[in-house]
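Here is the structure we will look at.
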Amino acid sequence: MRWKPVYLILAAILVIAGGGYYYWLETKTPALPAGFAMSNGRIEAERIDVSAKMAGRISEVLVSEGDWVKAGETVARMDSAEIDAQLRAAEAAVLQAQQQKIQAEALSRQRLSEEQYVQSEFDRTAKLAANGHATQEQLDTVRNSLTTAQAAVASAAAGIDLASATIAAANASVEQLKSVQSDMELKAPHDGRVQYILIKSGEIVAAGGTVVTLTDLTDIYMTIFLPAADAGRLSIGAQARLILDPIPEYVIPATVTFVASTAQFTPKSVETSDEREQLMFRVKLSISPELLAKYQQQAKAGVAGIGYVRVNDSAQWPETLQVKLPQ
């Protein structure tokens, strides 16, 4: 009997706590008017991996976590000593092939001159033979010399073509090695903030290995899950609103940019087990790039909040969901 007052006190505390929690829920998420739907979600951003095209050693990392980088900016460099040496050898091969072509052209001019001289001698001998002043044997000898000279001209011309092909092949090697040399500088493919640095200076990275991970803050969105009754009435381009837990005083405008065509079980990150037991449709609520550009320094991924969507285009947003942004 002595414990009875204690039980009564505990029961009273539980009732008060339950009532307070219910009041908090009602205050935090007021009832929506008809034509709207809501769901818990989390701010997400597209991730961009800056990866090595080939295996090698990272010579230096030029950024730190949290840095903002522009598209095309070098974020890390790989050791390119071996490629640099190969490039110098290829450039030397180009010069060598060019010299060979000069020699081939000089030889071709020499062979053409010889051919012209033998052709003239053949023409004179042919006239003399026609008048009976030269023997057939002399004519055959000069004719043979002319054939040899013509063959030498053709061979010299082929030497020029071979030298030209050698130059083209050497230039192709140079271009290839320059491309590989360029790949030694790992550049950001898009504007973004450095999220992770996975490889440090001096470490070896495998081909395709990620060195730096960026967060694309120009493509931020919230993923929510809605039942078929709401998702079925939702259209691409419908208006949406986001209220984030850290800044509940602000209402962020968004747009429906994706509605899944098939239902799925909601993930474990959804807060209540009742919601996880239902088949839901995934919906993506995107914030406009213009708004993100204005609040670039404040934009962050991973923040939890609530997404509201208008499933009826004629419905009017309630006062609590009117757009309100930081000044």
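The values are calculated or read from the model by the stated rules, or taken from the named source; none is laboratory data. The model shown is predicted, which means the values in this text are computed figures rather than measured ones. For neighbour counting, all protein chains shown are included, and Cβ atoms are generated from backbone atoms with ideal geometry for every residue, glycine included.
Answer yes if at least one residue in segment 122-131 is modelled with pLDDT of 85 or more and either among the acidic types (Asp, Glu) or within 30 Å of Glu175 (Cα to Cα) (or both), and no otherwise.
Checked segment 122-131: at least one residue is modelled with pLDDT of 85 or more and either among the acidic types (Asp, Glu) or within 30 Å of Glu175 (Cα to Cα) (or both).
Where the second residue is among the hydroxyl-bearing types (Ser, Thr, Tyr) and the first is surrounded by 17 or more Cβ atoms within 10 Å (Cβ to Cβ) and lies in segment 292-321, which pairs have Cβ atoms under 7 Å and are six or more apart or on separate chains?
Pairs found: Leu292/Thr218; Ala301/Thr215; Ile306/Thr29; Gly307/Ser39; Leu321/Tyr308.
Select from segment 217-234 the residues that are in a loop (DSSP other than H, G, I, E, B) and crowded, with 17+ Cβ neighbours inside 10 Å and list them in ascending order. Quick ask: steps written out before the conclusion?
Here is the first cut: in segment 217-234, the residues in a loop (DSSP other than H, G, I, E, B) are 227, 232-234.
Matches in segment 217-234: Leu234 only.
Among the residues in segment 204-219, are any among the acidic types (Asp, Glu) and at pLDDT 90 or above? Give the derivation first.
We begin by selecting, within segment 204-219, every residue among the acidic types (Asp, Glu); these are 216, 219.
Remaining after also requiring at pLDDT 90 or above: none.
Within segment 204-219, not a single residue is among the acidic types (Asp, Glu) and at pLDDT 90 or above.
Please pick out the residue among Arg57, Arg88 that is of a type in the set (Lys, Arg), more than 24 Å from Gln296 (Cα to Cα) and in contact (Cβ under 8 Å) with a residue 40 or more places away in the chain.
Details: Arg88 fails: in contact (Cβ under 8 Å) with a residue 40 or more places away in the chain.
Answer to the check: Arg57.
Has segment 159-167 got at least one residue that is modelled with pLDDT under 90 and either under 24 Å from Ser80 (Cβ atoms) or over 44 Å from the mean Cα position of the chain (by Cα) (or both)?
Yes, there is a match, as at least one residue in segment 159-167 is modelled with pLDDT under 90 and either under 24 Å from Ser80 (Cβ atoms) or over 44 Å from the mean Cα position of the chain (by Cα) (or both).
Results for (1) of a type outside the set (Phe, Trp, Tyr); (2) touching a helix residue (DSSP H, G or I) at 6+ places or on another chain (Cβ under 6 Å); (3) not assigned by TED's automatic domain parsing to the domain that holds Ala172, shown as yes or no for each residue.
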| site | (1), (2), (3) |
| --- | --- |
| Ser39 | yes, no, yes |
| Arg57 | yes, no, yes |
| Ser64 | yes, no, yes |
| Val69 | yes, no, yes |
| Leu87 | yes, yes, no |
| Ala90 | yes, yes, no |
| Val94 | yes, yes, no |
| Ile102 | yes, no, no |
| Ala106 | yes, no, no |
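Taking the residues in segment 89-117 that are over 52 Å from the mean Cα position of the chain (by Cα) and among the basic types (Lys, Arg) as candidates, determine which candidate is surrounded by the fewest Cβ atoms within 10 Å (Cβ to Cβ). Quick ask: steps written out before the conclusion?
We begin by selecting, within segment 89-117, every residue over 52 Å from the mean Cα position of the chain (by Cα); these are 109-117.
Adding the requirement that they be among the basic types (Lys, Arg) leaves 109, 111.
Values: Arg109: 11, Arg111: 20.
Here the residue is Arg109.
Looking for something without any contact (Cβ under 8 Å) to a residue 40 or more places away in the chain, in a helix (DSSP H, G or I), under 16 Å from Ala52 (Cα atoms) and not assigned by TED's automatic domain parsing to the domain that holds Ala55 - is there at least one such residue anywhere in segment 151-170?
Among the residues of segment 151-170, not one is without any contact (Cβ under 8 Å) to a residue 40 or more places away in the chain, in a helix (DSSP H, G or I), under 16 Å from Ala52 (Cα atoms) and not assigned by TED's automatic domain parsing to the domain that holds Ala55, which makes the answer no.
Hey, can you tell me all the residues within segment 59-88 that are within 21 Å of Ser173 (Cα to Cα) and either exposed (fewer than 15 other Cβ atoms within 10 Å of the Cβ) or among the acidic types (Asp, Glu) (or both)?
Initially, segment 59-88 is screened for residues within 21 Å of Ser173 (Cα to Cα), giving 78-88.
Selection gives Asp79, Ala81, Glu82, Asp84, Ala85, Arg88.
Could you run through segment 189-216 and say how many residues are buried (at least 20 other Cβ atoms within 10 Å of the Cβ) and under 11 Å from Val69 (Cα atoms)?
5
Among the residues of segment 235-266, how many are buried (at least 18 other Cβ atoms within 10 Å of the Cβ) and at pLDDT below 90?
Number satisfying all stated conditions: 1.
If you take the residues of segment 56-106 that are basic (Lys, Arg) and not in a helix (DSSP H, G or I), which of them is nearest to Asp216 (Cα to Cα)?
Taking segment 56-106 as the starting set, the residues that turn out to be basic (Lys, Arg) are 57, 70, 77, 88, 101.
From what is left, the residues that are not in a helix (DSSP H, G or I) are 57, 70, 77.
Numbers: Arg57: 27, Lys70: 11, Arg77: 22 Å.
Step by step, filter segment 56-106, then rank; the result is Lys70.
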